[in-house]
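K.L.:
My structure is below; once you've seen it, I'll send some questions.
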Amino acid sequence: MTVAVPSAVASACTRRRSRPRLYVYSALLLASIAFAGFTPTFFSPLVAGTLALHPAILVHGVLFFAWTLYFVAQTSLAAARRTRAHMMLGLFGIALAAWMLFSGILAAIVSLAANLPGPRPDAARAAAALSFSGTLLFTTFIAVGITNIGRPDVHRRAMTLAAFSIIQAAIARLIMIVPQIAQPERIVIGAVIVDLLLIGVVLLDRRAIGRVHPMWVAGLALIVTVQWLRVVIARTEAWAVFTAWLAQLG
C-alpha cells in the first residue's frame, strides 16, 4: 500500500528544500562574478607576478574576494544543516567584515590620492562614491544580519543583501570590456545589473515561500536609494571638496 502525501505538505517540503539551494546558488553566482570581474586586473597579474598595487589596495582586494568565498561556505553549511559549524564560522565572518570596513575606507583614500591629480578626476570621485556607498550598505546589512541571528529568515536575507551590495565593482569591471562606456555610465549600468540579479533572487524566494519577505522590500529600497544618491552626490561641489580632503590624507 502507498500513502498519498497531501499536496500542501509536499509543497511545503519542496519549499524548505529550495530555500537553502537558492542561497548557495546565489553565493556561487556572486563569487563567479567577482572572480571574472577582477581576473584581468588582479588575479591574472597576481599569477604572472606582475601585480603592482599599493598594499592597501592589495589587502582590500584579498579581503573582499575572501568574503565571496566565505559566503559560499556559510550558505553551504546552512544548506547542509551544519548549524554549529555555521555559527562558529560566523565569528570569523564578523571579524572579516570589520577588516573589510576599514580596508574599504583606506583603499578609497589611497585611490583618490593616486587618481584625483590625473586626467579624469570626475572618474576618481565617482569611483570613491561607489566604494564608500557600497561599504556603507555592506556594513548596514551585516549589522542587521548579526542582530537577527535568532531570526534565520531575516538573517539569511540580510547576509545575502550584504553580498549583493559589494558586487557592483566587479560588474563594473566586466562592463569595461566595452571601452566606449565611461566610468560614470559603468556605475549606472552596474547598478541596474545588480538590481536585476537581486530581483531574480527575490522572485525565486517568493516562489519558494509564497510571498515576498519584508527584508527583501526594505533591502531593495535601501540599495536603490543609495544607488541613486551616489550618482547625485558624486557630481556635487561638496563631494569634490570632501574627496580632495580625503586625497590629502592618502
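K.L.:
For a quick check: with amide H placed at 1.01 Å from N, whose amide H comes under 5 Å from residue 82's, ignoring anything fewer than 5 positions away on the same chain?
P.N.:
Residues meeting the amide H criterion: none.
K.L.:
Sticking with this structure for a sec: What is the helix-to-structure angle for 214-233, meaning the angle in degrees between its Cα long axis and the longest Cα principal axis of the chain, kept from 0 to 90 and rounded to the nearest 10?
P.N.:
For helix 214-233, the angle is close to 10 degrees.
K.L.:
Heavy-atom accessible area of residue 217 with all protein chains present, probe 1.4 Å, nearest 10 Å²?
P.N.:
Taking all protein chains as shown, residue 217 has close to 90 Å².
K.L.:
To the nearest 10 degrees, how steeply does helix 183-209 sit against the main Cα axis of the chain, on a 0 to 90 scale?
P.N.:
Helix 183-209 and the main axis of the chain meet at about 10 degrees.
K.L.:
Between residue 196 and residue 84, what FRET efficiency comes out of the Förster formula 1/(1 + (r/R0)^6) with R0 = 25 Å and r the beta carbon distance, rounded to 0.05?
P.N.:
Computed FRET efficiency for residue 84 and residue 196 comes out at 0.10.
K.L.:
Let me ask something additional. Using the Karplus curve 6.51 cos²θ - 1.76 cosθ + 1.60 with θ = phi - 60°, work out ³J(HN,Hα) for each residue of segment 88-101 in order, rounded to whole Hz, and write x for Gly and Pro.
P.N.:
Calculated HN-Hα couplings, in order: 5, 5, x, 5, 5, x, 5, 5, 4, 5, 5, 4, 5, 4 Hz.
K.L.:
Now a separate question. Mind ranking 185, 237 by accessible surface for me, highest first, 1.4 Å probe?
P.N.:
237, 185
K.L.:
Percent of accessible area on the chain owned by carbon and sulfur, 1.4 Å probe?
P.N.:
71 percent
K.L.:
Picking from 38, 164, 92, which is most flexible by a Gaussian network model of the chain using Cα springs under 10 Å?
P.N.:
Of the options given, 92 has the highest mean-square fluctuation.
K.L.:
Report the relative contact order of the chain, percent, no decimals, based on alpha-carbon pairs under 8 angstrom and at least 6 residues apart.
P.N.:
Result for the chain is 26 percent.
K.L.:
Let me ask something else about it. Any chance you could tell me what percent of the C-alpha pair distances in segment 31-84 go past 17 Å?
P.N.:
The proportion of pairs with Cα distances above 17 Å equals 47 percent.
K.L.:
OK, next. Once a ≥ b ≥ c are taken as the square roots of the eigenvalues of the Cα gyration tensor of segment 88-226, is the result rounded (a/c under 1.5), prolate (a/b larger than b/c) or oblate (a/b not larger than b/c)?
P.N.:
Judged from the Cα gyration tensor, segment 88-226 comes out oblate (a/c at least 1.5, b/c at or above a/b).
K.L.:
So, one more: Divide the volume of the convex hull of the Cα atoms of the chain by its number of residues and quote the answer in cubic angstrom per residue.
P.N.:
Roughly 153 Å³ of hull volume per residue.
K.L.:
Just the ratio, please: alpha-carbon radius of gyration of segment 102-182 over 2.2 N^0.38 Å, N its number of residues.
P.N.:
Numbers: Rg = 15.6 Å, N = 81, 2.2 N^0.38 = 11.7 Å.
Cα-based Rg divided by the globular estimate yields 1.34.
K.L.:
Here's another thing I want to ask about it. In whole Hz and in residue order, list the ³J(HN,Hα) couplings for segment 145-151 that follow from phi through the Karplus curve 6.51 cos²θ - 1.76 cosθ + 1.60, θ = phi - 60°; x for Gly and Pro.
P.N.:
Once rounded to whole Hz, the list reads x, 5, 6, 10, 4, x, 10.
K.L.:
Would you kindly derive the ³J(HN,Hα) couplings of segment 42-59 from the backbone phi angles with the Karplus curve 6.51 cos²θ - 1.76 cosθ + 1.60 (θ = phi - 60°), listing them in order in whole Hz, with x for Gly and Pro?
P.N.:
Couplings: 10, 5, 4, x, 5, 5, 6, x, 10, 6, 10, 10, 4, x, 5, 5, 5, 4 Hz.
K.L.:
Need one value: the accessible area of residue 132 in square angstrom, 1.4 angstrom probe, rounded to the nearest 10.
P.N.:
Its heavy atoms expose roughly 50 Å² to the probe.
K.L.:
Still on this model: Which value, in Å², gives the accessible area per residue of the chain when a 1.4 Å probe is used on the protein heavy atoms?
P.N.:
With the other protein chains kept in place, the chain gives 54 Å² per residue.
K.L.:
Next question. Quote the Stokes-Einstein diffusion coefficient, in whole µm² s⁻¹, for segment 36-134, based on the Kirkwood radius over alpha carbon pairs, a temperature of 4 °C and a viscosity of 1.567 mPa s.
P.N.:
Answer from the Stokes-Einstein relation: 85 µm²/s.
K.L.:
Under the definition of Cα pairs under 8 Å and six or more residues apart, what whole-number percent is the relative contact order of segment 7-137?
P.N.:
Result for segment 7-137 is 25 percent.
The values are calculated or read from the model by the stated rules, or taken from the named source; none is laboratory data. Quick caveat: nothing in here was measured; it's all calculated off a predicted structure. All Cβ positions, glycine included, derive from the backbone under ideal geometry; neighbour counts span all protein chains shown. Protein only, heavy atoms only, side chains kept; ligands, DNA and RNA dropped before computing areas. Shrake-Rupley method; radii C 1.70, N 1.55, O 1.52, S 1.80 Å.
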